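S.K.: What follows is a structure written as structure tokens; I'll ask about it next.
The values are calculated or read from the model by the stated rules, or taken from the named source; none is laboratory data. Quick caveat: nothing in here was measured; it's all calculated off a predicted structure. Reconstructed Cβ throughout: ideal geometry from the backbone, glycine too, with neighbour counts over all protein chains shown.
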């Protein structure tokens with residue numbers, strides 16, 4: 001054994017060419033071994049960094065340094081499940097769509113401005129000239145007499161040629177009386193001191209027990225007068241029904257026949273804002289009669305005011321079709337003293353706010 005090893009050493013030392021070949025082969029093996037060890041060490045180090053980072057973060061977070069790769073096929077059925085998830089959306093055929101539908105949808109998307117911002121223009125400047133832009137200045141406030149005279153001029157026979165047109169009052173209300181509660185329903189009829197021809201047909205049905213009440217109802221102008229037997233004959237397609245009880249049947253029939261009826265129209269978006277529009281006479285009536293009719297109706301509207309410290313009636317404008325002009329009037333003088341005081345307090349508060357805005 002020793003002899004064989006010594007012979008090999010002698011042969012190894014004597015063969016320079018063979019020795020150089022063997023040494024190069026050994027160096028190649030060492031380089032491959034070192035390269036494999038280097039890759040193993042780097043992989044272990046990166047995984048250690050990832051594990052440490054996941055432990056510190058407290059969740060299963062994969063580091064950007066770690067990239068997982070698979071060289072084997074997915075499980076059976078994986079691709080099929082992925083194909084089933086990609087279901088094409090069914091295309092539904094839409095028929096004819098009217099043009100106004102798109103307009104209504106666009107109006108819904110537009111956010112409306114609160115109507116109360118347009119009501120109170122105390123923050124705008126007062127006009128100093130006889131010609132001004134209403135967009136940047138406060139609207140002028142007229143008396144009821146001035147507003148009626150303005151409409152009489154536009155309805156003169158030389159202009160609209162409607163001297164006996166109806167004149168209306170447009171009342172804007174604050175319906176808020178609690179945190180999230182609003183006055184939503186008002187439908188009333190008011191007896192006015194000076195009746196006039198209305199633009200609506202009314203049918204008066206009076207239930208009477210006695211003969212005297214029957215005669216009084218017929219004399220007042222009731223269309224149907226009778227007892228309980230009339231109930232079975234009623235077949236109504238109605239728009240609005242007013243009903244009440246009274247001992248004075250004649251006066252009651254006159255009220256429903258010649259009185260002014262009005263209803264509240266509440267805003268769909270801003271529930272605290274409501275409008276009442278009603279006629280209180282014709283342009284050819286006496287001015288004093290128009291003022292008395294207006295006073296009767298506006299006091300009736302004020303009587304349904306909810307329990308709130310804020311003023312109920314916010315603004316009153318006078319209109320008369322076909323004219324589009326709306327004249328803001330000073331209506332406080334037609335209200336009770338308590339209502340006038342509340343409105344004056346609101347005006348003082350608004351003036352103080354406008355002073356603060358002007359200083360800013």
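S.K.: Give the residues of the stretch 186-203 that are buried (at least 18 other Cβ atoms within 10 Å of the Cβ) and in a loop (DSSP other than H, G, I, E, B), sorted by residue number.
M.R.: Those that are buried (at least 18 other Cβ atoms within 10 Å of the Cβ) and in a loop (DSSP other than H, G, I, E, B): 192, 196.
Yes/no per residue for (1) modelled with pLDDT of 90 or more; (2) assigned to a helix (DSSP H, G or I):
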| residue | (1), (2) |
| --- | --- |
| 296 | yes, yes |
| 307 | no, no |
| 321 | yes, no |
| 339 | no, yes |
| 353 | no, yes |
| 357 | no, yes |
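S.K.: Take residue 206 and tell me if it is buried (at least 19 other Cβ atoms within 10 Å of the Cβ), in contact with a strand residue (DSSP E or B) (Cβ under 9 Å, 6 or more places away or on another chain) and outside any loop (DSSP other than H, G, I, E, B). Don't jump to the end; show me each part of the working.
M.R.: On the way: buried (at least 19 other Cβ atoms within 10 Å of the Cβ): yes; in contact with a strand residue (DSSP E or B) (Cβ under 9 Å, 6 or more places away or on another chain): yes; outside any loop (DSSP other than H, G, I, E, B): yes.
Judged against the criteria, residue 206 is a match.
S.K.: Could you list, in sequence order, the residues of the stretch 264-294 that are surrounded by fewer than 17 Cβ atoms within 10 Å (Cβ to Cβ) and assigned to a strand (DSSP E or B)?
M.R.: Listed by number, the residues that qualify are 265, 275, 277.
S.K.: Continuing with this model, one more query. So, of the residues in the stretch 148-168 that are free of Cβ contacts under 8 Å to residues at least 12 places away in the same chain and over 23 Å from residue 260 (Cα atoms), which turns out to be surrounded by the most Cβ atoms within 10 Å (Cβ to Cβ)?
M.R.: Start the filter on the stretch 148-168 by keeping residues that are free of Cβ contacts under 8 Å to residues at least 12 places away in the same chain, which leaves 149, 153, 156-159, 161.
Checking the rest, the ones that are also over 23 Å from residue 260 (Cα atoms) come to 153, 156-159, 161.
Values: 153: 11, 156: 13, 157: 8, 158: 6, 159: 10, 161: 9.
Restricting to residues being free of Cβ contacts under 8 Å to residues at least 12 places away in the same chain and over 23 Å from residue 260 (Cα atoms), the top hit is 156.
S.K.: Kindly check whether there is at least one residue in the stretch 232-241 that is at pLDDT below 75 and in a helix (DSSP H, G or I). Let's see the steps before the verdict.
M.R.: To start, the set of residues in the stretch 232-241 that are at pLDDT below 75 comprises 232-241.
Subset that is in a helix (DSSP H, G or I): 232-233.
Yes, that holds for at least one residue.
S.K.: Still on this structure, I have one more. Modelled with pLDDT under 85, surrounded by 12 or more Cβ atoms within 10 Å (Cβ to Cβ) and either more than 28 Å from residue 320 (Cβ to Cβ) or under 33 Å from the mean Cα position of the chain (by Cα) (or both): does that describe residue 245?
M.R.: Values: modelled with pLDDT under 85: yes; surrounded by 12 or more Cβ atoms within 10 Å (Cβ to Cβ): no; either more than 28 Å from residue 320 (Cβ to Cβ) or under 33 Å from the mean Cα position of the chain (by Cα) (or both): yes.
Considered against the rule, which asks whether it is modelled with pLDDT under 85, surrounded by 12 or more Cβ atoms within 10 Å (Cβ to Cβ) and either more than 28 Å from residue 320 (Cβ to Cβ) or under 33 Å from the mean Cα position of the chain (by Cα) (or both), residue 245 comes out as no.
S.K.: Give the residue that is nearest to residue 297 (Cα to Cα), with candidates limited to residues of the stretch 322-331 that are touching a strand residue (DSSP E or B) at 6+ places or on another chain (Cβ under 9 Å) and surrounded by 13 or more Cβ atoms within 10 Å (Cβ to Cβ). Quick ask: steps written out before the conclusion?
M.R.: Taking the stretch 322-331 and keeping what is touching a strand residue (DSSP E or B) at 6+ places or on another chain (Cβ under 9 Å), we get 325-331.
With the extra rule that they be surrounded by 13 or more Cβ atoms within 10 Å (Cβ to Cβ), the set shrinks to 326-331.
Details: 326: 19, 327: 18, 328: 17, 329: 15, 330: 15, 331: 12 Å.
Among those residues, the one meeting the criterion is 331.
S.K.: Of the numbered conditions (1) surrounded by 19 or more Cβ atoms within 10 Å (Cβ to Cβ); (2) assigned to a helix (DSSP H, G or I); (3) at pLDDT 80 or above, residue 218 satisfies every one except a single condition; which is it?
M.R.: (1)
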